[in-house]
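Take a look at the structure below.
The values are calculated or read from the model by the stated rules, or taken from the named source; none is laboratory data. Computed from a predicted model, the values in this text were never measured in an experiment. When we count neighbours, we look across all protein chains shown, and the Cβ atoms used for this are built from the backbone with ideal geometry, even at glycine. Protein only, heavy atoms only, side chains kept; ligands, DNA and RNA dropped before computing areas. Shrake-Rupley method; radii C 1.70, N 1.55, O 1.52, S 1.80 Å.
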Amino acid sequence: MPDMTFNTTAGQTVDRELLIAYLNTGTSAAAPTWSPLGTRVTDSSMEYDWQEDSSKDILGTTRTTMKKPIITQTFDPSNLDAGDPAIVKVWNLAVKEQNAAALANQDVLIVHAYAGTAKTAVFAERYSSCMVKPSSLGGEGGGFVGMPIDVTLGGTRTVGTAAISGNTVTFTEGE
């Protein structure tokens, strides 16, 4: 895949709304239904842990290594909403079923809608086996029921492009 450019106006910073994580809420990996994670979250960032290691050899030269990153993201608060397929799926797996194996094997797509051709072929990364883990359930009296979610991207990373049309996201591998 060749280098991409940002499809935004030069001199203008990229809007946060152009970086979205999607959970496959469909019934198969072959025909996914991509639903956005964190639809009610106001601040969320992917954290990259490069596992760097620095050491000094016997001649005093510092050498540094790093590994591919472990990428995590927290969605807090994630208020329960019947119209949010991602929240409904995670609630069913976590609260109703307590299915740890399924929660540790979720299909997630990260769409960088600011890189590539606007809306028709933007950079995307699909991770085949992610941990999607609620960290609590509840909230303040008089407020809303929240279910903060921690996501660790894992499994096979497949890069490609995503096309966004209304509420439908289509991922194409390797373009």
Contact order relative to length of the chain, as percent, for alpha carbon pairs under 8 angstrom and 6 or more apart: 22
Probe 1.4 Å, accessible area per residue of segment 117-172, Å²: 51
Highest average packing first - 7-15, 36-44, 70-78, Cβ atoms within 10 Å: 70-78, 36-44, 7-15
Unit charges on C-beta of K, R, D, E only; dipole of the chain, Debye: 240
Cross-link reach list, aspartates and glutamates versus Lys133, counting only Cα pairs under 14 Å and skipping chain neighbours closer than eight places: Asp76, Glu97, Asp107, Asp150
Within the chain, helix-based [θ] at 222 nm, where runs of 4 or more DSSP H residues each add -39,500 (n - 2.57), nearest 500: -1500 deg cm²/dmol
For the chain, built as a Gaussian network whose Cα springs stay under 10 Å, the top-fluctuating residue of Asp81, Asp53, Asp107: Asp53
Fluctuation leader among Ala29, Ala163, Ala86 - the chain, Gaussian network, Cα springs under 10 angstrom: Ala29
Computed accessible area, Glu173, all protein chains, 1.4 angstrom probe, square angstrom: 130
Cα convex hull of the chain, projected area averaged across orientations, nm²: 14.3
Solvent-accessible area, 1.4 Å probe, carbon plus sulfur percent, for the chain: 52
Surface accessible to a 1.4 Å probe, Met4 within the full protein complex, Å²: 70
Choice from Trp34, Trp91, Trp50 with maximal GNM fluctuation in the chain (Cα, 10 Å cutoff): Trp50
